[in-house]
Each structure stands twice: as C-alpha cells, then as structure tokens.
1. Per the helix-only calculation at 222 nm, which mean residue ellipticity applies to the chain, given -39500 (n - 2.57) for every DSSP H run of n ≥ 4 and division by its residues, nearest 500 deg cm²/dmol?
2. Here are some values of Cα extents along the principal axes in Å: (1) 50, 44, 42; (2) 53, 51, 32; (3) 50, 48, 40. Which one was computed from this structure?
3. Putting +1 on Lys and Arg Cβ atoms and -1 on Asp and Glu Cβ atoms, find which of Val34, Gly85, Ala248 reaches farthest to the positive end of the dipole of the chain.
4. Checking understanding here: applying a Kyte-Doolittle mean of at least 0.5 and a length along the axis of at least 15 Å (C-alpha), which whole DSSP H helices in the chain pass?
5. Compare the Cα positions of Ile196, Ala236, Ala149 along the charge dipole of segment 129-274 (+1 at Cβ of Lys, Arg; -1 at Cβ of Asp, Glu; about the Cα centre) and return the one farthest towards the positive end.
Amino acid sequence: MHTMTTCVHARGADIPALGFGTSPMTGQLCRDLVSHALSVGYRHFDTSSRSGNEPDVGHAILHSKVPRKDVFVTTKVWREELRDGALQRSAQASLERLGLDCIDLLLVHWPNDDIPLAETMRALASARAQGLARHVGVANFPAAMFLRASELCSAPIVANQCEYHPLLDQDAVLAAVRSTGAAFISFSPLGRGGNIRSDALTAIAKRHGKTESQVLLRWNIQQAQVCAIPRSTNPARIAENFAVFDFALSDDEMARVSALRRSDGRQVNPPFSPQWDAAPSAMPLAQV
C-alpha cells in the first residue's frame, strides 16, 4: 500500500502534515480535546492570539506524556499588531500564555494594507532572531503578496496558511508557495459544517472503506507541500480525522475530488480580506 510522509519539509521546518485546529475552543474543553488529540497521534497544534485558548493549548501539551520536542505548535499575530515592536510584543505575550520555551511557527494571521509589508516582515524576522519562534510564516496571503513577503523577510517564510478544500481553487497560491519551497497549510479543509457533498466523494469513500471527511483530508495532504489542520469537538471524529495515513487516492480519484471546485467556493472572507487571486473557473469566459 502506498502511504505518504507524515511531515512536510519546508525551508528548514519539518511540519507534521496533519494538525489539530483549536479555535474557538477554550477552557477545560480545549485542554481535554488537545490531550485527546495528542493521545490519538496528532503532533501539530494550531492556535492564535485571537483564539483565547493559548493557555489551554500549552497546558495540555505540557501535561501530556508526549515530549515537548515532538510537538509542533503554531500561533499567530493579529493583523492590528503587525508594526515593528508590536509584533514582537504579541509573540512574547503568546509565548507566555502558552507557557512554552519557544513557538515552533509564528504566523502573521492576516495581512494589513495599513502597515507596510516590509516593516511587518522585518519585525517577523526579528521575533525569530530573538528566539521567540523557531520558524515564521504568514496566513491568508494571496500569491503575489506571499512572494513579496518572502522577498522582504530575511528569515525563511516556511508556510502560508489559507482556506483550502475541494470547493476552492487555490492553484495560484499553491504554485507561489511551492516555488519557494514553503508549505501550504489548509484551514477549513473539510469546508464549514461538513457542507462538501457529492456522489463522487461518497463513491470514493465507499471504495476505500473510509468516510467522506477522511477522503477530503487525504486529498489535502496527498498534494505536494500541503498540510491540513481540521478541527472538531467530537473525540471520535478527532480520531477518525487522523486515520488517513493507511490509504491513498489514485490520480483519477484526486482529479474527481478536485473537480468539485466552484467559483463561489470561498467560505471565509471577512471584510478586511486581501484581494484574493482570481481562480480561472471564476473568470468570465472572454478572459480564459
């Protein structure tokens, strides 16, 4: 049986291909679910300064039987804290809330046109140089902005975390990320509320004796340089989501899942979003 690597190698970072998204869980629920995810086998945990759960994520990791060195922790700096000085202070505060010695991956949560990208990238590199984070990256950056950020940052940008699932064409961003050797980390890899449905997906799942969600996650992480961070508050589903390393999709099956993309597939699009890359499927015919 063809299986796959459980890590993505990205510009010096080894990022577990499957992670656990923790937002918006907080308190004892968050601690219990992170502990459960650790026991299942997850070694990559995603949080942010906006999630309100960094203390809970850190507590669960520090009180688990899994050595800290085996766990990859990502957190993020909010878009209003991207100036030089503010970014480093945000990273320091996250580190203190987590209770860890170092953040494994520090991301810019969303870009902010009101703050010069060069200043943000300088601050991000500074946070890494100060030892606050082992690796740095960005989130929700369109292709050209990602490439510009990579040029401006003196430290390697190892990842771009963006929404990604079969309904959303992210070819432009994927190409940009891969061109630098970075990783693409998919959030909402199952869509929102399990809204990705198709006869093809059901048939593929049945053929492999897996669920549709497992097929969607497999589709994500079987792509080059792609990680996924599903989230769930259901312990059984958390375990199920991790059971995707014992089967592989054929090229035809990968293509059939990819064919689900739609011009209106984006599901996370707050008012402050950047100008997204236009997907070919969303362009008027005259421009194709």
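1. -11000 deg cm²/dmol
2. Checked against the structure: label (2).
3. Looking along the dipole axis, the top candidate is Val34.
4. Sorted by number, the helices that extend far enough and score high enough are 27-40.
5. Positive-most Cα among the choices belongs to Ala236.
Just so you know, all these numbers are worked out from the coordinates, no wet-lab data involved. What you are looking at is a predicted structure, and each value in this text was computed from that prediction instead of being measured. Neighbour counts are summed over all protein chains in view; Cβ atoms, including those assigned to glycine, are modelled from backbone coordinates with ideal geometry.
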